[in-house]
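Worksheet: one structure, shown below.
The values are calculated or read from the model by the stated rules, or taken from the named source; none is laboratory data. In this text the structure is predicted, and so the values were computed from the model without any measurement. Cβ coordinates were reconstructed from backbone atoms using ideal geometry, including for glycine residues, and neighbour counts include every protein chain displayed. What goes into the accessible areas is simple: the full protein's heavy atoms, side chains included, and nothing from ligands, DNA or RNA. Shrake-Rupley method; radii C 1.70, N 1.55, O 1.52, S 1.80 Å.
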Amino acid sequence: MQKAWWKEGTVYQIYPRSFLDSNADGNGDLKGIIQKLDYLQFLGVNIIWLCPVYKSPYYDNGYDISDYYKIMDGFGTMDDWEELLNEVHQRGMKLIMDLVVNHTSDEHPWFVASRSSLDNPYRNYYIWRKGQDNGREPNNWASEFGGSAWEYDPITGEYYLHLFSDRQPDLNWENKALRHDVYDMMTWWLKKGIDGFRMDVINLISKAEGLPDASGAKEGPYQWGRDYYRNGPRLHYFLREMHAKVLSKFDIMTVGETPGVNCEKAELLVGEDRHELSMVFLFELLELDYGDGDKWKIVPWKLIDFKRIISDWQDFLEGIGWNSLFLNNHDQPRAVSRFGDDHKFRVQSAKMLATMLHTLQGTPYIYQGEEIGMTNVKFPDISYYRDIDTLNFYKEAIAAGIKMEQVMDIIHARSRDNARTPMQWNNSEHAGFTAGKPWINLNPNYPEVNVEENLANPDSVFHYYRQLIKLRKEKAVLIYGDYRLLCPNDEHLYVYLRVPKLRRVPGCGKKKLAEIQKAEKDIFGNNSEEKILVILNFSAEVKCLNLSEDIRYQESQLLISNYSSTNFALEIEVRPFEASVYSLS
Ligand code: GLC
């Protein structure tokens, strides 16, 4: 286990279109972000992940890039971006950029050239195939955004692969020239001084040879080809090449968006001796309530499974690689609506979830608005929605005969627009997000849920996040300590310990043991006795907790709680959505 700045930091994710609009065009922009850097510094976060601001037709909100070297006009200029980077660094914070290289926009000059003729030098930058003799697409893969993953292009009479929308053709990573162009582009941004990348669907870049047909029971003519494009055969080769040629040359962090990865696969991506990525997002947790891997099929989730997944990752990666901790982002429903209670216990449950994020081993990621307890939105009908994925689902579901009411219920729970409603700054018109007409409506709860109110109220979700971030900085055991799950079978309570130890590799020799002991001394110093106990109630009822006598301590101190003080005891009544963190020594 090595110390690193990105292990000790807290990341704040900015979805720029919905953050703050400085020029009244209804869309957030770079100058808006600069205006709020003091706010973020006050919160205490020190790494900003900026979602795409590159030139783009914006069909998938910037995840369809047409020029990797330019800033999209709507967000500002390259000078504005330079100013942002500078202002971030002046505050002692870091900036990481989104890297979207599984696909480009269909307006990217590479694709424009690629589609122009069969022998264009850029033809092989994308994945082109002939249709089948029976007039069908080259294979039966479904696009992640609905319909076929292939689009016929009349110019050359062939199909191109697009795992997302037909406006997002997949790049052909088998082509060395493409890979080197990508590495040059990454180096160009790193030389500008950025501190790392969040890598969009990075485990999709290697496709199985022959692109075989997928089997499955998905309704309709297309099946998920995920077995053939997630974690494909050459993924690790590509990532190691990228590491050797680019990443290893800078002191940066990387985090991979890698759907369909369990902890064993994660180890291959983030193992410290593997030279690939620093972290990957723990999507397995967010797929808990997907039926058959389909996010639009909602199934109930159970805390026991939730704990098991987190614990598997905590245990498996301990001493080997690093975790990322997140419960929502720009593609996911709001955490408090999904895993907490966004009505009666909104404040308590938002704080309880935050407690978990800051007390497990890994780097916490806060998605904009989470720090004030923003919730899902229930727009009355489809005309309010903007997200391409939601609009495609709506069309397909209505065409399949599903009742409108049911379709809207699913959209209310799952639409990516839940996370994309504008940031709620105050209770004035449009929540202070814009002086113009916002690109998407606001969540109507902004008069109660907003930054101004949170800042003024010492008991707010915001101030609680602030305390947690501060606490994590003060306690090395919260960052590097080992994780021990208690009461694994409790259906409502999540209880664990963090201990000032680094795990021993099974069967490790004397030399290794001495190294571990030295690292322990460096990390925990004289605080080698302090354990942290975390108790979280995921239910809206009072629950009894009986801890075993093994939780020995002479002194206990409540470090933080979302309720007024509780004294530690081996038998405790834990209140609805209560979170308490104790120091035991
Ligand atoms: C990732 C992004 C998402 C985007 C998709 C295609 O999942 O987070 O917003 O639509 O990739 O780029």
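Using the average count of surrounding beta-carbon atoms within 10 Å as a protection proxy, the listed peptides 352-361, 374-383 rank, highest first, as 352-361, 374-383. With a Förster radius of 60 Å applied to the beta-carbon distance between R91 and N134, the computed FRET efficiency rounds to 0.50. Overall, the accessible surface of the chain at a probe of 1.4 angstrom is composed of carbon and sulfur to the extent of 48 percent.
Normalised by 2.2 N^0.38 Å, where N is the number of residues, the C-alpha radius of gyration of the chain stands at 0.97.
Applying 0.36 nm per residue to the separation of L37 and L118 and subtracting their alpha-carbon distance, the gain on full extension is 24.3 nm. Whole-Hz Karplus values for the range 319-328 come out as x, 10, x, 10, 8, 10, 10, 8, 10, 7 Hz, taken residue by residue from phi with 6.51 cos²θ - 1.76 cosθ + 1.60 and θ = phi - 60°; glycine and proline positions read x. Charges were assigned to the Cβ only: +1 to each Lys and Arg, -1 to each Asp and Glu. The resulting dipole of the chain about its Cα centre is roughly 1400 debye. One decimal place: the segment A4-D292 gains 99.9 nm when fully extended, by the rule 0.36 nm per residue minus the C-alpha distance.
Using a probe of 1.4 angstrom and keeping all protein chains present, the accessible surface of the chain works out to 40 square angstrom per residue. Quick one: check the C-alpha center-to-center distance for the range 438-513 versus the range 402-428, whole angstrom. Centre-to-centre distance over Cα atoms comes out at 26 Å. Placing a label point 7 Å from the Cα of A177 along the Cα-to-Cβ direction, the residues of the range 97-135 whose backbone N falls under 11 Å of that point are 114, 119-126.
Each of A456 and K344 was given a label point 7 Å from its Cα along the Cα-to-Cβ line. The distance between the two points is 2.8 nm. Measuring between their Cα centroids, the range 198-260 and the range 56-124 lie 20 Å from each other. Solvent-free Debye calculation, one equal scatterer per alpha-carbon of the range 518-585: log10 I(q)/I(0) at 0.27 Å⁻¹ equals -1.22. Using the Cβ-Cβ distance between N546 and K521 with R0 = 35 Å, the FRET efficiency computed as 1/(1 + (r/R0)^6) comes to roughly 0.50. Past 20 Å, Cα to Cα: identify those pairs from K307/K344; K3/K475; K191/K245; K36/K94; K249/K501, in the order given. K307/K344; K249/K501, as the Cα separations exceed 20 Å there. If I take R0 = 45 Å and measure r between the Cβ atoms of A569 and S428 in this structure, what FRET efficiency does the formula 1/(1 + (r/R0)^6) give, to the nearest 0.05? Calculated transfer efficiency: 0.45.
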